[in-house]
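Notes to accompany the following structure.
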Amino acid sequence: MATEATDNRQGFGLQFSVMLPEHLDQVMAIELKSFPIPWSHRTFMFEVTENDFAFYIVALLNGRVAGYAGMWIVLDEAHVTNVAVHPELRGRGVGRALMTELLGRAAVLGADRITLEVRVSNRAARSLYKSLGFVEKGLRRKYYSDNNEDAVIMWLHFKQTRH
Ligand SMILES: CC(C)(COP(=O)(O)OP(=O)(O)OC[C@H]1O[C@@H](n2cnc3c(N)ncnc32)[C@H](O)[C@@H]1OP(=O)(O)O)[C@@H](O)C(=O)NCCC(=O)NCCS
């Protein structure tokens, strides 16, 4: 499948594509560097080839995967499942561009609200999500099994932010 037509962001040639099986080796390299409990290649493959509720995108820089983001959409509710940027490319707007693209896709696909969980200690991600309009609504205690860290639950209601 050809890379989906995309736009150019941040002045450094970032492009977006639906995540495809051919991206997964690069996605896995980023995943392994980004999370204490990384997803497996098999999990990503299931998400991009079999899960009808899943929608994943990659940000490409010079044809290489710079980062990725994904969500599940059930009826009018979306749930962000995964977001990561290559460690060497963080702090340059890739994460913001990915999330902005994902939120746009969620709205187009019919979601009117979107939620996610984020580690209490993940200052960068919490700050990014807040700046996009997500609001912290609660905690899931001991959500992360590697260190029993709590997850902050965040929500964004598209209709509220549009008015
Ligand atoms: C979270 C993550 C995706 C952000 O991606 P990024 O490309 O570095 O983010 P951006 O450069 O687009 O920055 C967007 C915003 O994030 C926040 N942010 C990014 N890095 C930050 C840092 N080191 N400290 C505090 N805030 C930070 C800021 O609000 C920033 O906005 P600003 O540039 O206007 O200040 C990236 O750090 C990452 O991959 N982390 C590891 C995986 C992860 O934690 N994923 C989220 C799981 S819930």
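Laboratory data are not the source of any read-out in this text; all were calculated from the coordinates shown. Every value quoted in this text rests on a predicted model; they were computed, and no experiment measured them. As a convention, Cβ positions derive from the backbone with ideal geometry for all residues, glycine included, and neighbour counts pool all protein chains shown.
Value of Rg to Rh for region 80-152, rounded to two decimals, is 0.97; Kirkwood radius and Rg both from alpha-carbon coordinates. The count of lysine pairs in the chain whose Cα atoms are under 23 Å apart, excluding pairs fewer than 8 places apart on the same chain, comes to 4. Percent of Cα pairs in region 14-162 per distance bin of 5 Å, from zero to the largest separation: 2, 9, 19, 22, 23, 17, 7, 1, 0. Helix-only arithmetic for the chain: the sum of -39500 (n - 2.57) across DSSP H runs with n ≥ 4, divided by the residue total, places the mean residue ellipticity at 222 nm at -9000 deg cm²/dmol. The label point for residue 49 and the one for residue 96, both projected 7 Å from the Cα toward the Cβ, are 3.7 nm apart.
The charge dipole of the chain, taken about the Cα centre with unit charges on the Cβ atoms of Lys, Arg (+1) and Asp, Glu (-1), comes to about 740 debye, rounded to the nearest 20.
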